[in-house]
Amino acid sequence: IYDGKCELCKNSIFWIEKKLKIKALNFHTADLSEFNLTFEQCSREVFVVADTKTLSGAKAVAYLLRRRGNKTLSLLITLSGPLGRIGYRWVARNRSSVPVTLLARLLKP
């Protein structure tokens, strides 16, 4: 469940879907109650609902990277612990900043 209005989010989903079959839902149009999530929660971070667990933020990104085959990057995010979570939150809060915009362009289809 991602922000369909965020260029980095949209481009990241496209990049992930090149190697991994997922059902990506734009939180602006999805029925969030189906996942026991709120609009407010989804406006702050990405969510992955897999099997019986729900992951968010950096943990969700690490999960998707691992499933996509980017195990080293996934491990780096996981092992960075609080730094990975802080980095994720910074990116999420600064989606229109120059560094995030550049990253979005790198992932652009």
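Brief remarks follow.
- Residue-averaged [θ]222 nm for the chain, counting only DSSP H segments that reach four residues, each worth -39500 (n - 2.57): -16000 deg cm²/dmol
- Leading residue at positive end of dipole, the chain (Cβ point charges), from Ala50, Tyr2, Phe14: Phe14
- Accessible-area composition of the chain, carbon plus sulfur, in percent [1.4 Å probe]: 57
- Dipole magnitude for the chain: about 500 debye, using +1 per Lys or Arg Cβ and -1 per Asp or Glu Cβ, origin at the Cα centre.
- Label-reachable residues, segment 1-21, where backbone N falls under 12 Å from a point 7 Å from Asp31's Cα toward its Cβ: none
- Normalising by residue count, segment 22-109 has a Cα convex hull of 123 Å³ per residue.
- Computed FRET value (nearest 0.05) for Leu20 with Arg105, which takes r as the C-beta separation and R₀ as 30 Å: 0.90
- Stretching Ser96 away from Lys71 to a fully extended chain increases their span by 6.2 nm, per 0.36 nm per residue minus the current alpha-carbon distance.
- Isolated Cys in the chain, by beta carbon distance under 4.7 Å: Cys42
- Residues of type lysines that Lys21 reaches as a straight line, Cα spacing below 19 Å, ignoring anything fewer than 8 places off in the same chain: Lys10, Lys53, Lys59, Lys71, Lys108
- 15 Å beta-carbon shell around Ser96, net charge (K/R +1, D/E -1): +3
- With K and R counted +1 and D and E -1, the other residues having a Cβ less than 13 Å from that of Asp3 yield a net charge of +2.
- Rounded accessible area per residue of the chain, 1.4 Å, Å²: 66
The values are calculated or read from the model by the stated rules, or taken from the named source; none is laboratory data. Just so it is clear, the structure is predicted and the values come from calculations on it, not from any experiment. We place every Cβ from the backbone using ideal geometry, glycine too, and count neighbours over all the protein chains shown. Side chains are part of the model used for accessible areas, which takes the heavy atoms of the whole protein and leaves out ligands, DNA and RNA. Shrake-Rupley method; radii C 1.70, N 1.55, O 1.52, S 1.80 Å.
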